[in-house]
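Enquirer: Before anything else, here's the structure in question.
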Amino acid sequence: MDGGANHPAVWSQERKAAEEAYHAEVERNLTRNYVANLAHGLLGQTGFRLVTAPTFVPAYIYLLSGSEFVVGLALASQWLGNALSATLGATLVEHRKRVLPMGLLVGWGMRGGVLGLSLSGYFLPDHLALIFACVFLGFFGLFNGIQSVIFQLLMAKVIPLRLRGRLTGFRNFAAGLTAAGVAYIGGKYFVEAHALGNGYATTFLAAFVLTSAGLSMLLMVREPDSPEVRPRASLALRLREIPGLLREDRELLFFCVASSAAALGTLAVPFYILFAGETIGLSGTTLGALSTAFLLAQTGMNLVWGALADRIGNRIVFLLAVGLWAVSTVLLMETHSLIGIAIVFAGLGAGQGGFQNSTQNMILEFGAREDLAMRIAMLNTGTSFASAIGPLIGGFIAGAASYAAVFWISTSMLAIAFAMVFFLVAEPRKRNVFH
């Protein structure tokens, strides 16, 4: 029996050759894959922002229920689905040399949640539409938790580290421009005009069409086989391994905790638009204008965040974005005109966009490729649980106390996240690992 293949020197040469072949294939298909990821992000994020922006869904749920707590409950159902499925997403793909086929399957399931949200608005009475809106938001979140792991892993495979910041920045920039236009149309011509009998349902239908077109763009991707994958393992086994991964890397632990603290700051997000409605009134035009301001700022700053991340690193983007988000939340409480609130919404959009971009890219840089899916899942699980609990807490406090109390708690959580990353987490890009 020949045991030479197991010799460390032979294994090292084989690993080096496999890595070189892998990176050569990535470079060969880089233009095609870059364009495919850009098109997927442009169309997909344009549509999904109509669902995830802190305007249309909270306003729709409040219209159906008249309750701040129910608004929080509906948003919590979405993020709870996200949290429950993130680790499942990792176990579905970390043993596969190619992850795109599973990503396409899960992606269609996610879009089914958006379609259900739309159709329930068209065909069900308000009390049933409210129940099914919560169900379909949970369905949307469940598949989103899996999809986010798979597609982050896919991007890490086909887009080199040197280009990821600019790709996500430009992709989000282009998507933000189109989303801002679609959001304005959705507010003024769909919601205010009650298009097709239900303007909110029509807005969500437009989201489904756009995201479906975006998912189809991924058929262009040429994904290389991973040179190394983890052995297939059960979900229960991988969950038991998570504490060990965090103990081995304290900075990864601190980063995940800080990101979850910032995500808990989203407890105020559903109530930005309701606070604005109390201050200046909430017409379809106002809804469209504030959505546009939020998305345009998110768009323009994505180019800045992406360039800064590529030049310096994602840590500085995290700090600046979380700081901007916190300051904008405080300013919202002191602003009482449409123009002023639109400017504040722009700050909120820019800050939240930078937070999302920095966390999604920074987690890719903490360790070896074979543990990448689980690192993404750990981060997404923590932030999604925080985002699920947040709206429930926010809804209860908003109903029992005031929107101002919700905003101050949110600002405190963002300050904790800022301090943890500033003092306890170094820039991970300097680590000598395969990217």
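Enquirer: State which stretch of the chain is the longest one without any exposed GluC sites (Glu not before Pro), exposure meaning a DSSP loop state and at most 16 other Cβ atoms within 10 Å.
Expert: In the chain, the maximal stretch lacking such sites is 1-191.
Enquirer: So, one more: Let me cross-check residue 286: its accessible surface, 1.4 Å probe, with only protein heavy atoms counted, in Å² to the nearest 10?
Expert: 20 Å²
Enquirer: Quick check for you: with a 1.4 Å probe and neighbouring chains kept, what is the accessible area per residue of region 288-391, in Å²?
Expert: 29 Å²
Enquirer: Using a/c under 1.5 as the rounded threshold, could you call region 293-388 rounded, prolate or oblate? The axes a ≥ b ≥ c are square roots of the C-alpha gyration tensor eigenvalues, and prolate needs a/b larger than b/c, oblate otherwise.
Expert: Because a/c hits 1.5 or more and a/b exceeds b/c, region 293-388 counts as prolate.
Enquirer: While we're looking at this one, here's another question. Classify region 66-165 as rounded, prolate or oblate, taking a ≥ b ≥ c as the square roots of the eigenvalues of its Cα gyration tensor: rounded when a/c is under 1.5, otherwise prolate if a/b is larger than b/c and oblate if not.
Expert: prolate
Enquirer: Hey, any idea what % of the chain's accessible area is carbon plus sulfur with a 1.4 Å probe?
Expert: In the chain, the share of accessible area belonging to carbon and sulfur is 68 percent.
Enquirer: Report the extension gain between residue 216 and residue 246 in nm, rounded to one decimal, defined as 0.36 nm multiplied by the number of residues separating them, less their alpha carbon distance.
Expert: Length difference between fully extended and current span is 7.2 nm.
Enquirer: Between residue 192 and residue 337, what FRET efficiency follows from the Cβ-Cβ distance if R0 is 25 Å, with the result rounded to 0.05?
Expert: My answer for the efficiency is 0.75.
Enquirer: Enumerate the calculated ³J(HN,Hα) couplings along region 149-156 in order (Karplus 6.51 cos²θ - 1.76 cosθ + 1.60, θ = phi - 60°), each rounded to whole Hz, writing x wherever the residue is Gly or Pro.
Expert: Coupling constants for region 149-156: 5, 5, 6, 5, 5, 4, 5, 4 Hz.
Enquirer: So for region 173-300, what are the equivalent ellipsoid semi-axes in whole Å, largest first, each being the square root of 5 times an eigenvalue of the Cα gyration tensor?
Expert: 39, 23, 14
Enquirer: While we're here: What whole-number value in Å² describes the accessible area per residue of region 135-256 for a 1.4 Å probe?
Expert: That works out to 42 Å² per residue.
Enquirer: Under Stokes-Einstein, with the Kirkwood radius over Cα pairs standing in for Rh, what whole-number D in µm²/s applies to the chain at 37 °C and 0.692 mPa s?
Expert: 150 µm²/s
Enquirer: Can you give the convex hull volume per residue for the Cα atoms of region 1-160, as a whole number of Å³?
Expert: 140 Å³
Enquirer: Give the accessible area for residue 178 in Å² (nearest 10); use a 1.4 Å probe, count only protein heavy atoms, and leave out ligands, DNA and RNA.
Expert: 60 Å²
Enquirer: As I understand it, the value is the acute angle between the Cα axis of helix 338-362 and the longest principal axis of the Cα atoms of the chain; what does it come to in degrees, rounded to 10?
Expert: 20 degrees
Enquirer: So for the pair residue 408, residue 104, with labels modelled 7 Å out along Cα→Cβ, what separation do we get in nm?
Expert: 5.4 nm
Enquirer: So, one more: Among all the lysines, which ones have a C-alpha under 26 Å from residue 430's C-alpha, if same-chain residues fewer than 8 places away are not counted?
Expert: Reachable lysines: 16, 157.
Enquirer: Further question on the same structure: Would you kindly state how much longer the chain becomes between residue 330 and residue 135 on full extension, computed as 0.36 nm times their sequence separation minus their alpha carbon distance, in nm to one decimal?
Expert: 66.9 nm
Enquirer: What ranking of 126, 225, 371 comes out by heavy-atom accessible area, probe 1.4 Å, highest first?
Expert: Reading off the accessible areas and sorting them downward yields 126, 225, 371.
Enquirer: Residues of region 331-355 with the amide nitrogen closer than 18 Å to a label point 7 Å from the Cα of residue 415, along Cα-to-Cβ, please.
Expert: Taking a point 7 Å out along Cα→Cβ of residue 415, the residues of region 331-355 whose backbone N falls under 18 Å are 331-334.
Enquirer: Here's a follow-up. Note down the accessible area of residue 312, probe 1.4 Å, to the nearest 10 Å².
Expert: That residue has around 100 Å² of solvent-accessible surface.
Enquirer: ³J(HN,Hα) across region 67-78 via Karplus (A = 6.51, B = -1.76, C = 1.60, θ = phi - 60°), whole Hz, x for Gly/Pro?
Expert: Running phi through 6.51 cos²θ - 1.76 cosθ + 1.60 with θ = phi - 60° gives 10, 5, 5, 5, 4, x, 5, 5, 5, 5, 4, 5 Hz.
Enquirer: At what distance in angstrom do the alpha carbon centres of region 104-165 and region 176-233 lie from each other?
Expert: Answer, in whole Å: 9.
The values are calculated or read from the model by the stated rules, or taken from the named source; none is laboratory data. Quick caveat, the model's predicted, so the values are computed rather than measured. Cβ coordinates were reconstructed from backbone atoms using ideal geometry, including for glycine residues, and neighbour counts include every protein chain displayed. Only protein heavy atoms, including side chains, enter the accessible area calculation; ligands, DNA and RNA are left aside. Shrake-Rupley method; radii C 1.70, N 1.55, O 1.52, S 1.80 Å.
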